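Q: I'd like to ask you about the structure that follows.
The values are calculated or read from the model by the stated rules, or taken from the named source; none is laboratory data. Since the structure is predicted, the reported quantities are computational estimates derived from the model, not experimental observations. Note that each Cβ is placed from the backbone with ideal geometry, even for glycine, and that neighbours are counted across all protein chains shown. Only protein heavy atoms, including side chains, enter the accessible area calculation; ligands, DNA and RNA are left aside. Shrake-Rupley method; radii C 1.70, N 1.55, O 1.52, S 1.80 Å.
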Amino acid sequence: MSNWNDGIIDEFRSNDGEVGGIFEGKPLLLLHHKGARTGIKRVSPLMYQRVGDSYAVFASKGGAATNPDWYHNLLANTEVEIEVGTDKVPVRARVAEGEEQDSIWERQKRDFPQFAGYEQKTSRDQIPVIVLERV
């Protein structure tokens, strides 16, 4: 996965936050996070949804049975940075719950139907929605 991500990250940075392929025309950010156990700094490209002045990202992992590693890293280290377009933005991560989670998730499935497929595919009770709030 790292080589695939590296290509997307390079393209993102070379084109002011725009990429082609499966992410062409879709909102994409780069999440900088630190390994919960290792402390290793990592960058993950993720689709996002604007929620007011914040950004929501989705721990879908393509519908896998487990949450992605970056989700666990955010739970352990909530103060992170994102790249959106050419901007670097410091943010604090929190897991959306209840009506907020439902509203954001339903909009994501409506706007990008592949997320509904991830929901059907996973054995998890719910795909976590993480809100990244500017600090």
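Q: Provide the per residue accessible area, probe 1.4 Å, for the chain, rounded to a whole number of square angstrom. Mind showing how you got there, number by number?
A: Details: 7600 Å² over 135 residues.
I get 56 Å² per residue for this part.
Q: Mean residue ellipticity at 222 nm from the helices of the chain, using -39,500 (n - 2.57) per DSSP H segment of n ≥ 4 over the full residue count, to the nearest 500 deg cm²/dmol?
A: -9500 deg cm²/dmol
Q: Normalising by the residue count of segment 10-112, find the relative contact order in percent from Cα pairs under 8 Å and 6+ residues apart. The partial results should precede the final answer.
A: Numbers: 130 pairs, mean separation 24.5, N = 103.
Reported as a whole number, the value is 24 percent.
Q: Just name one of Ser103, Pro27, Leu75: the one whose Cα is farthest towards the positive end of the charge dipole of the chain (beta-carbon charges, Lys/Arg +1, Asp/Glu -1).
A: Checked the options; the winner is Leu75.
Q: Taking amide hydrogens as modeled 1.01 Å from N in the peptide plane, which residues meet the under 5 Å criterion relative to Ser54, leaving out close sequence neighbours?
A: none
Q: Hey, what do the phi angles of segment 129-135 turn into as Karplus ³J(HN,Hα) couplings, whole Hz, using 6.51/-1.76/1.60 and θ = phi - 60°, x for Gly and Pro?
A: Couplings: 10, 10, 9, 10, 9, 4, 10 Hz.
Q: Something else about it: Report the full-extension gain for the segment Gln114 to Lys26: residue separation times 0.36 nm, less the Cα-Cα distance, to one decimal in nm.
A: Details: separation 88, 0.36 × 88 = 31.68 nm, distance 1.22 nm.
Residue separation times 0.36 nm, minus the Cα-Cα distance, leaves 30.5 nm.
Q: Taking the alpha-carbon distance from Lys109 and a cut-off under 17 Å, which aspartates and glutamates remain once sequence neighbours fewer than 8 residues away in the same chain are dropped?
A: Glu97, Glu99, Glu100, Glu119, Asp125
Q: Still on this structure, I have one more. Exactly which GluC sites (Glu not before Pro) in segment 45-98 are in a DSSP loop and have at most 14 other Cβ atoms within 10 Å? Present the calculation step by step, with values, prior to reporting the outcome.
A: On the way: sites: Glu79, Glu81, Glu83, Glu97; in loops: Glu97.
Loop-located and lightly packed - Glu97.
Q: Okay, moving on. Could you point to the label whose value was computed as Cα Rg over 2.2 N^0.38 Å for the structure here, given [x] 0.99; [y] 1.89; [z] 1.16?
A: Read-out from the structure maps to [x].
Q: Sticking with this structure for a sec: Got a number for carbon plus sulfur as a percent of the chain's accessible area, 1.4 Å probe?
A: On the way: 3410 of 7600 Å².
Ligands and nucleic acids excluded, carbon and sulfur reach 45 percent.
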